[in-house]
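Since the structure comes first, as structure tokens, the remarks are kept for the end.
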Amino acid sequence: MSLAATYRLGTRLFWRDRAMLVASVVTPLGIGIGLPLLMRHVRPEGAAAAAQFYPGTIAIMLAITAFMNINVALTTRRDQLVLKRLRTTMLTDGQILAGQIASTVTQTVVVIVVCTVAVRFAADVPFPADPLLFAGAAVAGSAVMATLGAAYTAAVPRAELSAPACVPVFLLCGVGAGAMGPILEVLPSWAGALFGLLPTAAVVDAMRSGAVAAPVLNLAVWAVVGLVGLRLWFRWEPRRS
């Protein structure tokens, strides 16, 4: 078995899981397309408001399709002893996790691309001015959030608690990106600064302003946090009661 095989395994299991498809594909598509479309019709700025709002919805897609998706998948396979069995093969621990992370990144980027094309025609949101920067931010953000989601499994005791355990992350990412209304405007300035440190905030900043240096540094730091967390705390077997 190779790294490519673990990638295919993760992808195949994902697309066969109807519950995960609803949670990690249908829901983000509804949010990523529906919210900008709503802004297009309820805000006086019309398409300009939708275009400004859309990058914030990408933060929600990253929280759901990247972070929550891999967290639920790995905790479920851990409790079903699938991960334990994979470790008896010739694969290294890194290859097993890398295959799952790569599969999750692919799924997340596909969702973002579909939403980006859909809002262009449904809500008059223009295509990114810098497609390469947009694509790079989407891929890097997906990879970092998937890595953090994998590391976060250490805090989830059982598979059935994995999705609820990700709700706080979903809310923080949505609020920090402005995708849940002008909540940041009523919070203290220091709170806004803290929200700006989130990896999803770096992705949204890059997509909105075209910034590169600060988002790259932010994502690099969070990538190290995720990798260290995987190294120190990731569990391959269910917690013994």
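The values are calculated or read from the model by the stated rules, or taken from the named source; none is laboratory data. Bear in mind that the values here come from a model prediction, so they are computed numbers and not experimental data. Cβ: placed from backbone, ideal geometry, glycine included. Neighbour counts: every protein chain shown. These accessible areas exclude ligands, DNA and RNA; they are computed on the full protein's heavy atoms, side chains included. Shrake-Rupley method; radii C 1.70, N 1.55, O 1.52, S 1.80 Å.
Using a probe radius of 1.4 angstrom, the carbon and sulfur fraction of the accessible surface of the stretch 140-241 is 71%. Among 125-136, 196-207, the peptide with the highest mean count of other Cβ atoms within 10 Å heads the list, and the full ranking is 196-207, 125-136. With the gyration tensor restricted to C-alpha atoms of the stretch 61-165, the semi-axes of the equivalent ellipsoid amount to 31, 15, 10 Å, longest first. When only Cα pairs below 8 angstrom with a gap of at least 6 residues are kept, the chain shows a relative contact order of 28 percent. Put simply, the Cα atoms of the stretch 108-199 extend 43, 33, 22 Å along their principal axes, the longest span coming first. Residue ranges 141-147, 117-123 sort as 141-147, 117-123 when ordered by packing (mean number of other C-beta atoms within 10 Å per residue, highest first).
Measuring how big the stretch 105-155 is from its alpha-carbon positions, Rg and Dmax come out at 13.3, 42 Å. Between residue 52 and residue 237, the FRET efficiency from the beta-carbon distance, with R0 = 41 Å, is close to 0.30. A value for P(r) over Cα pairs in 10 Å bins from 0, in percent was derived from the coordinates, and within the list (1) 7, 27, 31, 19, 10, 4, 1, 0; (2) 7, 33, 38, 18, 3, 0; (3) 8, 32, 35, 18, 6, 1 it appears as (3). Placing a label point 7 Å from the Cα of residue 21 along the Cα-to-Cβ direction, the residues of the stretch 31-63 whose backbone N falls under 18 Å from that point are 31. As a ratio to 2.2 N^0.38 Å, the alpha-carbon radius of gyration for the stretch 1-125 is 1.26. The mean accessible area for residues of the chain, using a 1.4 Å probe and ignoring ligands and nucleic acids, is 49 Å² per residue. If I compute solvent accessible area with a 1.4 Å probe over the protein chains, what percent of it on the stretch 85-136 is carbon and sulfur? The computed percentage sits at 71.
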